[in-house]
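Engineer: The structure is given below, and queries will be raised subsequently.
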Amino acid sequence: MATHIVNGTVVTAEREFRADVLIEGDKIVAVGENLDVPAGAEQVDATDCYVMPGGIDPHTHMQLPFMGTVASEDFFSGTAAGFAGGNTMIIDFVIPNPQEPLMAAYEKWRGWAEKSAGDYSFHVAVTWWDDSVHADMGKLATERGVNSFKHFMAYKGAIMCDDEVLVNSFTRARELGALCTVHAENGELVFRLQKEIFERGITGPEGHPLSRPPEVEGEAANRAIRIAEVLGVPLYLVHTSCIDALEALTRARLEGQRVFGECLAGHLLIDDSVYRKKDWNEAAHYVMSPPFRSKEHQDALWRALQSGMIQTTATDHCCFCTPQKQMGIDDFRQIPNGTAGVEDRMGVIWHHGVNKGRLTPSEFVAVTSTNAAKIFNIFPRKGTIAAGADADVVVWDPKVSRTISAKTHHQKIDFNIFEGMEVTGVARTTLSRGKVVWHDGKLSAEEGAGRYVDRPCFAPYWSAQKTTNRLAEPTKVERVRPEVEKS
Ligand code: URP
Ligand code: ZN
Ligand code: ZN
């Protein structure tokens, strides 16, 4: 079955040009004008629209078991909601409990994800350490297409890594040619601050940001970066939210270190005043980590995105509905951490990025799709419009407006952190591996149609660097030793 996308302007991370796109089966086979189109090809009209690679959200948590509950969005509903917003792939996380074998956790998540409507892959979290973890990292990297390992520096008493685990895991990742990623917050400090704030009688959602100030993120980001520098491994900071972490990232990059940064659509647009809303539910809806920050941090994140200091945008899509949030009604520490966004990331970044002159359409494609594909080594199969690429395409109408609301969204959650925001620029048509899965407001997502995407190690985008491992070529000093009398 062939599909012919006509009359649009193709946008890749490199350029914008007038071209039609021909798809056969699940691949793009030609991009250009006057294409040789087989009879009977389905036509998709892209007049006045941009034709771009489908969004890749490199940070989601579908049906995550977390903080005593399970995220409400499953792999089918979440990938389908992603289609409505112009996404065609997610990279989710396998998060083993401490002492749980990595391979067992990985197989469990693979089972859950079989219902995905769109393509998916997994980062695997290292939450503890022993020889079996070392061995399983090898198996995942060489036999299961996992090229990135995640480390939570927060969530003490649950999935937090201490420095010993970080050092062991980073060292193993270096051998394997895998990328280390970190959730950078100092979990010891968070734990202490949470206790002090709670004991002072602050039990509501406003306690959440107070216990996770920017310094806590900056310290952890810098520590992870320095550990990665000493060991000579590249590093990826997930959900960078504040100036303090950006300073660490900037210093490292200016020193030539291979460090990448991700920011979330929510952190770009929402400030910490949400935690002071009078309605408890409304304030609790925004409890996620790192928390939303004051406005100067948002401005800095936009500048980091514009300058290339941050390369990717994500959502950390992790849905907990109002009754789940109410598990923390008496204690903000029990409010499940997480917010939604997979359906809205492309729209809000287009509107506040491209429409406001902060990003060009090509830069938009880079930060919503191409850069993630390169960093996680699935480029050019994903992340571009070119012959040979998977036919994951979004036809983007830059003129149509919509008002974001939980009443109309497709995400399985009863509120929306962007509620009431009007954005101009919508996905008119989304194609996942050549199939139209969203068109003019109608979803036609098929349960189980998504495929697991293998991601090989040693991504050429970052692994060609000469190692900076300070231990790699130690020099021994040949010296004259004194005669020491031994008794
Ligand atoms: O609050 C968040 N971000 N919840 C999901 C888990 C994580 O830290 O990424
Ligand atoms: Zn996190
Ligand atoms: Zn996350």
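Engineer: Taking the highest mean first, how do the peptides 336-342, 439-445 order by number of other beta carbon atoms within 10 angstrom per residue?
Structural biologist: Values: 336-342: 26.4, 439-445: 13.9.
Packing proxy ranking, top to bottom: 336-342, 439-445.
Engineer: Continuing with this model, one more query. At 1.4 Å probe size, with every protein chain present, just tell me what the per residue accessible area of segment 333-406 comes to in Å². Mind showing how you got there, number by number?
Structural biologist: Values: 1930 Å² over 74 residues.
I get 26 Å² per residue for this part.
Engineer: For segment 40-92, what value does the Rg/Rh ratio take when both radii are computed over Cα atoms and Rh is the Kirkwood radius, given to two decimals? Mind dumping the intermediate values first?
Structural biologist: Numbers: Rg = 15.3 Å, Rh = 13.1 Å.
Here the Rg-to-Rh quotient is 1.16.
Engineer: Here is a further query. Give me the 1.4 Å probe accessible area per residue for segment 82-175, excluding ligands and nucleic acids, in Å².
Structural biologist: On the way: 2950 Å² over 94 residues.
Each residue of segment 82-175 exposes 31 Å² on average to a 1.4 Å probe.
Engineer: How high is the FRET efficiency between LYS108 and ARG451 when r is their beta carbon distance and R₀ equals 25 Å, given to the nearest 0.05?
Structural biologist: Values: r = 19 Å, r/R0 = 0.74.
Step by step, r from the Cβ atoms, then E = 0.85.
Engineer: For the chain, take the longest principal axis of its alpha carbons; what is the angle in degrees between that and the long axis of helix 243-254, to the nearest 10 within 0 to 90?
Structural biologist: Once rounded, the angle reads 90 degrees.
Engineer: While we're looking at this one, here's another question. Kindly count the pairs of lysines across segment 302-410 whose alpha carbons are less than 25 Å apart, treating pairs on different chains or eight or more residues apart as eligible. Could you put the intermediate results ahead of the total?
Structural biologist: Details: LYS325/LYS407; LYS356/LYS399; LYS374/LYS382; LYS399/LYS407.
Value for segment 302-410: 4.
Engineer: For the chain, take the longest principal axis of its alpha carbons; what is the angle in degrees between that and the long axis of helix 102-112, to the nearest 10 within 0 to 90?
Structural biologist: Helix 102-112 and the main axis of the chain meet at about 20 degrees.
Engineer: A follow-up question, please. Summarise the accessible area of the chain (1.4 Å probe, protein heavy atoms) by the percent that is carbon and sulfur. Let's see the in-between values first.
Structural biologist: Numbers: 9540 of 19110 Å².
Exposed carbon and sulfur together represent 50 percent of the surface.
Engineer: Working out 0.36 nm times the residue gap between LYS295 and ARG251, then minus their Cα-Cα distance, what length gain in nm do you get to one decimal?
Structural biologist: Values: separation 44, 0.36 × 44 = 15.84 nm, distance 2.23 nm.
Stretched fully, the LYS295-ARG251 segment lengthens by 13.6 nm.
Engineer: Here is a further query. State which stretch of the chain is the longest one without any exposed GluC sites (Glu not before Pro), exposure meaning a DSSP loop state and at most 10 other Cβ atoms within 10 Å. If you can, show how the numbers build up before the last one.
Structural biologist: Working: sites that count: GLU33, GLU478, GLU483, GLU485.
Between the exposed loop sites, the longest stretch runs 34-477.
Engineer: Just tell me which lysines come within less than 16 Å, Cα to Cα, of LYS195; anything on the same chain fewer than 8 places away is out.
Structural biologist: Candidates past the 8-residue exclusion: LYS156.
Engineer: What's the extension gain from LYS278 to GLU164 if we count 0.36 nm per residue and subtract their Cα-Cα distance?
Structural biologist: On the way: separation 114, 0.36 × 114 = 41.04 nm, distance 4.24 nm.
Full extension from LYS278 to GLU164 adds 36.8 nm.
Engineer: Now for a separate question. Find, among the trypsin sites (Lys or Arg not before Pro) in segment 241-324, those assigned to loop by DSSP (not H, G, I, E, B) with at most 16 other beta-carbon atoms within 10 angstrom. Please report the intermediate quantities before stating the final value.
Structural biologist: Details: sites: ARG251, ARG253, ARG258, ARG276, LYS277, LYS278, ARG293, LYS295, ARG303; in loops: ARG258, LYS277, LYS278.
Passing both the DSSP loop test and the Cβ count: LYS277, LYS278.
Engineer: State the extension gain, in nm to one decimal, for the chain segment bounded by VAL484 and THR360, taking 0.36 nm per residue of separation less the distance between their alpha-carbons. Before the final figure, lay out each step's value.
Structural biologist: Details: separation 124, 0.36 × 124 = 44.64 nm, distance 7.05 nm.
37.6 nm is the gain from fully extending VAL484 to THR360.
Engineer: Using the Karplus equation 6.51 cos²θ - 1.76 cosθ + 1.60 (θ = phi - 60°), what ³J(HN,Hα) coupling, rounded to whole Hz, does each residue of segment 364-380 give in order, writing x for Gly and Pro?
Structural biologist: 4, 4, 4, 7, 9, 8, 4, 5, 5, 4, 6, 4, 9, 6, 10, 8, x
Engineer: So, one more: Less than 28 Å apart at the alpha-carbon level, and either on another chain or at least 8 residues along: which lysines does that give for LYS476?
Structural biologist: Partners within reach: LYS466, LYS486.
Engineer: Right, here's the next one. Using θ = phi - 60° and the Karplus relation 6.51 cos²θ - 1.76 cosθ + 1.60, list the HN-Hα couplings for segment 62-67 in order, rounded to whole Hz, with x at every Gly or Pro.
Structural biologist: Result, ordered by residue: 6, 6, 6, x, 7, 6 Hz.
The values are calculated or read from the model by the stated rules, or taken from the named source; none is laboratory data. Keep in mind that what you see is a predicted model, and the values were worked out from it rather than measured. Don't worry about glycine lacking a Cβ; one is built from the backbone with ideal geometry, like all the others, and counts go over all protein chains shown. SASA here: full protein model, heavy atoms, side chains in, ligands and nucleic acids out. Shrake-Rupley method; radii C 1.70, N 1.55, O 1.52, S 1.80 Å.
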